[in-house]
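Report on one structure; see the data block that follows.
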Amino acid sequence: MTNRLLKTIYKKIKKYDTIVIARHVGPDPDALASQIALRNIILNTFPKKKVYAVGSPASKFKYLGILDKFSEEMYDKSLLITVDIPDKARVDGVNPDRFKESIKIDHHPFVEKFCKYEWIDDTASSAAQMIMELTFNTKLVITKEAAEKLFIGVVADTNRFLFYYTTPKTLDLISTLIKKTGIDFTNLYESLYLRPFKEVKFQGYIANNMTITDNGLAYIYIKEETLKRYDVDSASAGNMVNNFNYIEEIIAWAVFSEDKNNGNIRGSIRSRGPIINKAAAMFNGGGHIYASGVRLKDEHEIEGLIEELNKSCLEYKEKNQVS
């Protein structure tokens, strides 16, 4: 089934002269890397096509490449490819319904169908892994530049291959990527993990001010004035969530940060046991069972989500007899 779908995706890419590639709002490295790498791969294979990677820029991840400015003319007789997006509401910058045809490539659990062709693999570590699989199983031709971006996408979403959804298939595809392109992957880690000292100090603030419940849930809400004091933005706060793995007293944790630009509260949630995406879905969020995100309206919703996450932690401890 998958091979047939991959061939269909390739045929659609080959057919259309204009292709728009979109990803989710509030992009992370995997979303951007997949989007920009796919643009590069298609142009490398079909140099005469017009291929655009669109959406709001993310200055923190500018090392992954430049995005294209979207215009209304791009809707006309075009193919849309969405990457790393489970639902239409989270598509950044375009209306999927206005394209001639559309394709979804996503590694999240299914939420809704909004594209004509949908390739969903929630066993894949990342959207970047799926772009590798598409490329290696069709006549698409990868470049070294695209390979570097895809490597970063996989590393970011697996937290350096630490997470449970790092599978033998993930490692096989990474091995093929390195063999085919000869990328110097060791130097790529610097782009992803190098950070200013102010963020290290901000991480210390989070650690010192987190609340930890008796059930092992840690959480913090960071307001605009605190972000300004440490000279960081809401996205930086959310990205800190992966720095709190493997703390003995914590089995699930959430970082909420006020996002003045978008008029909401950004939440990033992680777990090393309790299922968290069900609680996130109750507040119009979602993601993987151990890694999810939300956009909340106010502090009242934070309180409601914390209550649900705390219940999930209690259920996990009781079921697994964790003290």
Q) Looking at the stretch 99-110, which of its residues are surrounded by fewer than 17 Cβ atoms within 10 Å (Cβ to Cβ) and farther than 20 Å from Lys49 by Cα? A) Pro109, Phe110
Q. Can you name the condition, by its number, that Ile105 falls short on among (1) part of a helix (DSSP H, G or I); (2) closer than 15 Å to Ala31 by Cα; (3) touching a strand residue (DSSP E or B) at 6+ places or on another chain (Cβ under 9 Å)?
A. (1)
Q. Of all residues in the stretch 49-76, which are more than 22 Å from Ser102 (Cβ to Cβ), without any contact (Cβ under 8 Å) to a residue 40 or more places away in the chain and assigned to a loop (DSSP other than H, G, I, E, B)?
A. Pro57, Ile66
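Count, please, the residues in the stretch 181-232 that happen to be aromatic (Phe, Trp, Tyr), farther than 22 Å from Glu145 by Cα and loosely packed, with under 11 Cβ neighbours inside 10 Å. It would help to see each step written out before you state the result.
Residues of the stretch 181-232 that are aromatic (Phe, Trp, Tyr), as a first pass: 185, 189, 193, 197, 202, 205, 219, 221, 230.
So of that shortlist, the ones also farther than 22 Å from Glu145 by Cα come out as 197, 202, 205, 219, 221, 230.
Subsequent filtering for residues that are loosely packed, with under 11 Cβ neighbours inside 10 Å retains 197.
Of the residues in that region, 1 qualify.
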**Q.** Output for the stretch 64-89, where each listed residue is surrounded by fewer than 20 Cβ atoms within 10 Å (Cβ to Cβ) and closer than 30 Å to Ile275 by Cβ
**A.** Asp87, Lys88, Ala89
Q.
Need the failing condition index for Ile302 against (1) within 23 Å of His107 (Cα to Cα); (2) modelled with pLDDT of 95 or more, just the number.
A. (1)
Q. Using beta carbons and a limit of 6 Å, which pairs, at least six apart or on different chains, have the first residue in the stretch 221-246 and more than 13 Å from Lys201 (Cβ to Cβ) and the second one aromatic (Phe, Trp, Tyr) and crowded, with 18+ Cβ neighbours inside 10 Å?
A. Tyr221/Phe256; Phe244/Trp253
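The values are calculated or read from the model by the stated rules, or taken from the named source; none is laboratory data. Keep in mind that what you see is a predicted model, and the values were worked out from it rather than measured. We place every Cβ from the backbone using ideal geometry, glycine too, and count neighbours over all the protein chains shown.
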